[in-house]
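Worksheet: the structure to be examined is printed underneath.
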Amino acid sequence: MKPCISAVQHLRPLRGGAQSHLLRASDGNCYVTKFQNNPQHVRVLANEMLATRLGLALGLPIPKVEIIDVSAWLIEHTEELRIRLAGHSIPCRSGSSSDRSTQVAQE
């Protein structure tokens, strides 16, 4: 089993419809991270994982996609880890049943 990758630092929010965030992870790499409550719907995470697997199977040059743990503590203590919708700001929500895992692509 692969070792778990955890987010250790929020670097900055990114532009785009999914309101991704750039995070530094425990493996030393930076990742573009999309959260479960992104404005493009939770299905965007599954769609991107499927598209990545298909692209890799076809031999296309695809960024590495990982599942990353983003702790509730990091979300609570990082003011910028928010989704903005209709004038409201809500905390990012991770994707697993333990409220931690989120899909990301290495930058």
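Can you give the relative contact order of the chain as a percent, counting alpha carbon pairs under 8 Å and 6+ residues apart?
The normalised contact order for the chain reaches 31 percent.
Taken over the C-alpha atoms, the chain has Rg and Dmax values of 13.4, 42 angstrom. Seen against the Cα atoms of the chain and their longest principal axis, helix 43-57 is set at about 20 degrees.
Values in this text are rule-based calculations from the coordinates and carry no lab data. Computed from a predicted structure; not experimentally measured.
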